[in-house]
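The values are calculated or read from the model by the stated rules, or taken from the named source; none is laboratory data. As the structure is a computational prediction, the values presented were derived from the model and not from experiment. Cβ sites come from the backbone with ideal geometry, for glycine too, and all protein chains shown count toward neighbours.
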Amino acid sequence: MTTELGRSCKPYTEPMAPEETGFSAPRGTRDLLPPASSAWQKVIRYAQDSFSKAGYQPVETPAFEQTEVFARGVGATSEVVTKQMYTFTDQGGRSLTLRPEATASVVRAVLENNLHRGALPVKLAYFGWMYRQERPQKGRYRQFFQLGIEALGASAATVDAEVIEVADRFYKGLGLKTILKLNSIGHPGESCRGSYNDALVAYLREHEASLAEEDRARIATNPLRTFDSKESSTIAVMSEAPVITDHLCSDCAEHFVTIRSALDAVGIEYELDPRLVRGLDYYTRTAFEFVAGDLGAQNAVGGGGRYDGLAEVLGGPPVPGIGFALGLDRIMLALGDIALEPAVTAYVVALGDEAIREAFPLATRLRRAGIGCEFDLMGRQMKGQMKDAVRSGARFAVIIGEAELEAGEATVKDLATGEQERVALDRLEEWLGA
Ligand code: HAM
């Protein structure tokens, strides 16, 4: 992702105090300004390219949905639904919610458009803003950007491995070091998570007095979620708790073994984490997360898993599914400075009235030939224009003055080496494009 000419840029600029207008971006949201915004676009383009290499095609769903899509889909016991949704009533009295995640939206869209009745699996990718009213901190925002894929209609373990491979290849391609944590949380049936739940509840009741208050309430609603607790007293209790992987039914256990051997076969390393349960209610079997060091508390740069029951929860037929979403805000923080290719190749420096009139047509000609080009828009002197040429990141200053125009030439200066030569104006495209 770096080039010799790449200018390094910070992933994000801290905002100034809103002295002049009194307005500032809402709490937990940020403006992405150049050049950091270009770095974002570059990573998004890279994600689009690397996801499409495995056949995932882009899908766009609305930024808001009927509240029930998330309330039912993401689940009544998840914090996302109970505490974090931006829900509002529109002028028609409908309850709508800004999407806190896209998996439920994508499954809704697949069912509504009957994609699950066509060629399977349905492989979709999305790149968009999500909204959760969480307490903002480094790496945690109220508007954040996810890069995601979903594969629907296939239950084979190879699909789980493929989905993980897509994320792994993306991180590696970016040069980002991550640790993949992998677990299976079984299926909800009595032979599997059902019987495990009984064992877990019995254990939690035994240690109820040592649990944080909020977690005590979870024993009845969603005991598995106690593994997600950030309370130190609960964490201590959970370190000795029975784990789901000792209670998987034979089908889920076999599924899990098959995924692991598929990952082993392609050299994707993972850490088994029997306490990884993930925060959304729809997961079945596979659950995984990618964490990056150095990010502090918010170190999960991506996560996903299987959700074989979600389509039915949303009123459709059984359609198995698996996917992931990677958090671009955290990825950018973890990457640190990013090198950017300059947007333009040339900058027309014009001296004298005639040359100034020529600058716009010349820049237009070069752009039409596919060569990125800027020119002075501020009426600067020569020195100011040369400075602006450097600011633009252009490799070449195309200098035109009276003498050059008379000769039908430009002086092309290589801003990296300082070398310059005269080039015929009608050969500029060829010269710069080479
Ligand atoms: P999630 O774990 O809630 O999963 O979010 C995925 C990633 O989004 C996280 O690992 C993190 O990088 C980023 N993220 C989440 N919340 C925030 C936030 N407040 N600020 C910044 N980044 C954040 C899902 O959303 C599932 N829909 C993933 C999935 C797809 N499972 C199956 N398919």
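Pairs needed: first member in segment 276-296, touching a residue at least 60 places away in the same chain (Cβ under 8 Å) and among the hydroxyl-bearing types (S, T, Y); second member anywhere, assigned to a loop (DSSP other than H, G, I, E, B) and near the ligand (Cβ under 9 Å from one of its atoms); C-beta distance under 8 Å; at least 6 residues apart or different chains.
Y282/V74; Y282/Y307; Y283/Y307; T284/Y307
Based on what the data block shows, is Q91 surrounded by fewer than 17 Cβ atoms within 10 Å (Cβ to Cβ), within 26 Å of the chain's Cα centre (by Cα) and part of a loop (DSSP other than H, G, I, E, B)? I'd like the intermediate steps shown before the answer.
Working: surrounded by fewer than 17 Cβ atoms within 10 Å (Cβ to Cβ): yes; within 26 Å of the chain's Cα centre (by Cα): no; part of a loop (DSSP other than H, G, I, E, B): yes.
In short, no.
So G153 clears everything in (1) under 21 Å from R285 (Cα atoms); (2) within 13 Å of the ligand (Cβ to nearest atom) except one condition, right? Which one?
(2)
Name the one entry in A389, A397, A416, A403 that is of a type outside the set (S, T, N, Q), part of a strand (DSSP E or B) and either over 40 Å from the mean Cα position of the chain (by Cα) or modelled with pLDDT of 95 or more (or both).
Exactly one residue qualifies, and that residue is A397.
For residues that are surrounded by fewer than 15 Cβ atoms within 10 Å (Cβ to Cβ), assigned to a loop (DSSP other than H, G, I, E, B) and of a type outside the set (D, E), tally how many sit in segment 24-62.
Residues that pass the stated criteria total 10.
Quick one: would you say R275 is within 19 Å of A325 (Cβ to Cβ) and either surrounded by fewer than 21 Cβ atoms within 10 Å (Cβ to Cβ) or in contact with a strand residue (DSSP E or B) (Cβ under 8 Å, 6 or more places away or on another chain) (or both)?
Working: within 19 Å of A325 (Cβ to Cβ): no; either surrounded by fewer than 21 Cβ atoms within 10 Å (Cβ to Cβ) or in contact with a strand residue (DSSP E or B) (Cβ under 8 Å, 6 or more places away or on another chain) (or both): yes.
It is false that R275 is within 19 Å of A325 (Cβ to Cβ) and either surrounded by fewer than 21 Cβ atoms within 10 Å (Cβ to Cβ) or in contact with a strand residue (DSSP E or B) (Cβ under 8 Å, 6 or more places away or on another chain) (or both).
Please state which of the following conditions W129 fails to meet, knowing it meets all the rest: (1) within 16 Å of the ligand (Cβ to nearest atom); (2) buried (at least 17 other Cβ atoms within 10 Å of the Cβ).
(2)
Mind telling me which of the residues L326, L314, L335 ends up being of a type outside the set (G, A, S), within 16 Å of the ligand (Cβ to nearest atom) and crowded, with 22+ Cβ neighbours inside 10 Å? Please lay out each step first, then the result.
Numbers: L314 fails: crowded, with 22+ Cβ neighbours inside 10 Å; L335 fails: crowded, with 22+ Cβ neighbours inside 10 Å.
Checking each option against the conditions leaves just L326.
For A154, which of the numbered conditions (1) under 15 Å from the mean Cα position of the chain (by Cα); (2) over 27 Å from S232 (Cβ atoms) fails to hold?
Of (1) under 15 Å from the mean Cα position of the chain (by Cα); (2) over 27 Å from S232 (Cβ atoms), only one is false for A154: (1).
E112 is checked against (1) under 30 Å from G293 (Cβ atoms); (2) of a type in the set (D, E, K, R); (3) surrounded by fewer than 21 Cβ atoms within 10 Å (Cβ to Cβ) and fails just one. What number does that condition carry?
Failing condition for E112: (1).
Of all residues in segment 156-191, count the ones that are among the hydroxyl-bearing types (S, T, Y) and either away from the ligand (no atom under 12 Å from the Cβ) or more than 22 Å from A125 (Cβ to Cβ) (or both).
Residues in segment 156-191 being among the hydroxyl-bearing types (S, T, Y) and either away from the ligand (no atom under 12 Å from the Cβ) or more than 22 Å from A125 (Cβ to Cβ) (or both): 3 in total.
Determine which single condition S95 fails, assuming it passes every other condition in (1) touching a Ser or Thr at 6+ places or on another chain (Cβ under 6 Å); (2) within 16 Å of the ligand (Cβ to nearest atom).
Evaluating S95 over (1) touching a Ser or Thr at 6+ places or on another chain (Cβ under 6 Å); (2) within 16 Å of the ligand (Cβ to nearest atom) leaves (2) as the failure.
Could you go through segment 353-364 and let me know if any residue there is in contact with a Ser or Thr (Cβ under 8 Å, 6 or more places away or on another chain) and under 25 Å from Q41 (Cα atoms).
Start the filter on segment 353-364 by keeping residues that are in contact with a Ser or Thr (Cβ under 8 Å, 6 or more places away or on another chain), which leaves none.
Scanning segment 353-364, I find no residue that is in contact with a Ser or Thr (Cβ under 8 Å, 6 or more places away or on another chain) and under 25 Å from Q41 (Cα atoms), so the answer is no.
Looking at segment 172-180, is at least one residue more than 30 Å from A262 (Cα to Cα) and charged (D, E, K, R)? Walk me through how you get there before you give the answer.
Within segment 172-180, the subset more than 30 Å from A262 (Cα to Cα) is none.
No, that holds for no residue.
Conditions (1) under 29 Å from R395 (Cα atoms); (2) out of contact with any Cys (no Cβ under 9 Å at 6 or more places or on another chain); (3) surrounded by fewer than 22 Cβ atoms within 10 Å (Cβ to Cβ); (4) of a type outside the set (A, V, I, L, M), marked per residue:
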site: Y307; (1), (2), (3), (4): no, yes, no, yes
site: P318; (1), (2), (3), (4): no, yes, yes, yes
site: A343; (1), (2), (3), (4): yes, yes, yes, no
site: Y347; (1), (2), (3), (4): yes, no, no, yes
site: A355; (1), (2), (3), (4): yes, yes, yes, no
site: E358; (1), (2), (3), (4): yes, yes, yes, yes
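For the structure I just gave you, tell me whether T97 is among the polar types (S, T, N, Q), assigned to a strand (DSSP E or B) and either touching a residue at least 24 places away in the same chain (Cβ under 8 Å) or touching a strand residue (DSSP E or B) at 6+ places or on another chain (Cβ under 6 Å) (or both). Let's see the steps before the verdict.
Details: among the polar types (S, T, N, Q): yes; assigned to a strand (DSSP E or B): yes; either touching a residue at least 24 places away in the same chain (Cβ under 8 Å) or touching a strand residue (DSSP E or B) at 6+ places or on another chain (Cβ under 6 Å) (or both): yes.
It is true that T97 is among the polar types (S, T, N, Q), assigned to a strand (DSSP E or B) and either touching a residue at least 24 places away in the same chain (Cβ under 8 Å) or touching a strand residue (DSSP E or B) at 6+ places or on another chain (Cβ under 6 Å) (or both).
Condition check ((1) touching a strand residue (DSSP E or B) at 6+ places or on another chain (Cβ under 6 Å); (2) more than 30 Å from A292 (Cα to Cα)) across all residues:
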| position | (1), (2) |
| --- | --- |
| L180 | yes, no |
| S195 | no, yes |
| I235 | no, no |
| H247 | no, no |
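Being near the ligand (Cβ under 8 Å from one of its atoms), within 17 Å of the chain's Cα centre (by Cα) and not aromatic (F, W, Y) is the filter here, so list the residues in segment 264-307 that pass it.
Within segment 264-307, E289, Q298, A300, V301, G302, G303, G304, G305 meet the criteria.
I'm checking my understanding of the structure. Among residues of segment 132-150 that are near the ligand (Cβ under 9 Å from one of its atoms) and among the charged types (D, E, K, R), which one is surrounded by the most Cβ atoms within 10 Å (Cβ to Cβ)?
E150
With respect to A104, is the statement that it is in contact (Cβ under 8 Å) with a residue 24 or more places away in the chain and near the ligand (Cβ under 10 Å from one of its atoms) true? Lay out the reasoning, then the answer.
Working: in contact (Cβ under 8 Å) with a residue 24 or more places away in the chain: yes; near the ligand (Cβ under 10 Å from one of its atoms): yes.
Criteria met by A104.
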